[in-house]
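What follows is a short report on a single structure.
Just so it is clear, none of the values below were taken in a lab; they were calculated from the coordinates. It should be emphasised that the depicted structure is a prediction, and the values quoted were computed from it without experimental measurement. Glycine gets a Cβ as well: all are built from the backbone with ideal geometry, and neighbour counts include every protein chain shown.
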Amino acid sequence: MARGFQEPGEKPRKFYSSVSVSEMNGGYGVTLDARVLRGPKGQPVVLPTLALAQEVADEWASQGEHLHLARMHATRLANTAIESVPLARESTAQAIADYAASDLLCYFATDPGGLVERQQRLWGPVLDQAQTEAGLEFVRAAGIVHQAQPRATLERVKALALELDDFGLTGLAFGAALFGSAVLALAVQRGWLSGEDAFALSRLDEAWQEEKWGIDAEAAERTERLSAEAAMLDRWFRGLAG
């Protein structure tokens with residue numbers, strides 16, 4: 001498609017007027033005017049459910065004069081699921097298991113007492129649910145010294161990841177990196193927690209510090225941005241379920 005001259009660092013101009021979703025190739029595709037949306041490698045963006053296709057379409061429909069590609073998280077996940085993950089399922093699942101090997105939820109503070117209590121009260125039940133409902137038994141540590149996790153647990157995390165289709169696996173990998181926790185990513189994927197609640201649990205320490213010392217504008221912007229990604233991930237998994 002034709003594009004005008006673009007200064008370095010300038011956001012690309014919007015080049016379409018309408019966005020629609022229709023059945024395509026056994027799934028649902030997104031169309032910009034009369035053109036099928038394609039990923040960076042040229043493959044059509046075809047989603048497995050109508051809800052997931054609508055999530056991608058809504059991102060394109062919400063753009064103004066310029067495209068804010070960095071904010072189009074569902075589109076980025078769709079491209080990854082279609083063009084990258086099918087060729088790297090094993091390594092993607094291993095990356096999720098690697099997060100489990102040093103999972104954020106396993107490292108409890110030793111002080112102050114209020115933070116310790118908050119982590120135990122809010123993280124503990126998630127770890128308990130991971131054990132009872134997913135067969136994942138984690139060793140809980142106090143402090144920041146690395147604690148090895150059972151090999152069987154890490155193998156189980158990888159196996160659970162590989163049970164997912166490419167779209168589910170992509171979302172799980174995104175969540176593990178976003179939260180610093182494979183447990184929280186699995187909790188969102190399985191519907192134990194909303195994306196927003198999982199994000200809040202992933203930053204208990206930061207929230208504690210903010211309550212004591214306040215929050216600056218840059219940190220607030222980063223929190224808002226990551227919270228939006230967590231909300232999108234929740235919609236991704238719910239949309240994937242139909």
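About its Cα centre, region 88-240 has a charge dipole of approximately 340 debye under the convention of +1 per Lys or Arg Cβ and -1 per Asp or Glu Cβ, with nothing else charged. Around the Cα centre of region 19-83, unit charges on the Cβ atoms of Lys, Arg, Asp and Glu (plus for the first two, minus for the last two) sum to a dipole of about 220 debye. I need the shape label for region 1-119. Rule: rounded when a/c is under 1.5, else prolate if a/b > b/c, else oblate, with a, b, c from the alpha carbon gyration tensor. Taking the square roots of the gyration eigenvalues as a ≥ b ≥ c, region 1-119 is prolate.
Looking at the chain, send over the antiparallel percent of its DSSP beta bridges, to the nearest 5. Of all bridge pairs located within the chain, approximately 85 percent are antiparallel. The helix-based estimate of mean residue ellipticity at 222 nm for the chain, built from -39,500 (n - 2.57) per DSSP H run of four or more residues and divided by its residue count, is -17500 deg cm²/dmol to the nearest 500.
Taking Cβ atoms as reference points and 12 Å as the exclusive limit, the residues near A152 contribute a net charge of +1, counting Lys and Arg as +1 and Asp and Glu as -1. Stretching S84 away from E196 to a fully extended chain increases their span by 37.7 nm, per 0.36 nm per residue minus the current alpha-carbon distance.
Under 21 Å of direct C-alpha separation, and excluding same-chain neighbours fewer than eight residues apart, K11 reaches these lysines: K41.
Across the chain, Cα pairs under 8 Å and at least six residues apart give a relative contact order of 20 percent.
Of the GluC sites (Glu not before Pro) found in region 1-106, the ones in coil according to DSSP and having at most 12 other Cβ atoms within 10 Å of their Cβ are E10, E65. In this entry, region 19-83 is assigned a mean projected area of 4.1 nm², taken as a quarter of its C-alpha convex hull surface.
Once you order the gyration tensor axes a ≥ b ≥ c over the Cα atoms, which shape class does region 88-240 get: rounded for a/c under 1.5, otherwise prolate or oblate by comparing a/b with b/c? Oblate, because a/c is 1.5 or more while a/b does not exceed b/c. Ranked by the mean number of other Cβ atoms within 10 Å per residue, highest first, peptides 210-217, 93-100, 225-232 order as 93-100, 225-232, 210-217. Remark: spin-label model distance K212-D128 equals 2.7 nm, labels positioned 7 Å along the Cα→Cβ axis. Which residues in region 31-65 have a backbone N closer than 15 Å to a point placed 7 Å from the Cα of R71 along the Cα-to-Cβ line? In region 31-65, the label zone of R71 (backbone N under 15 Å from the point 7 Å along Cα→Cβ) covers 58-65.
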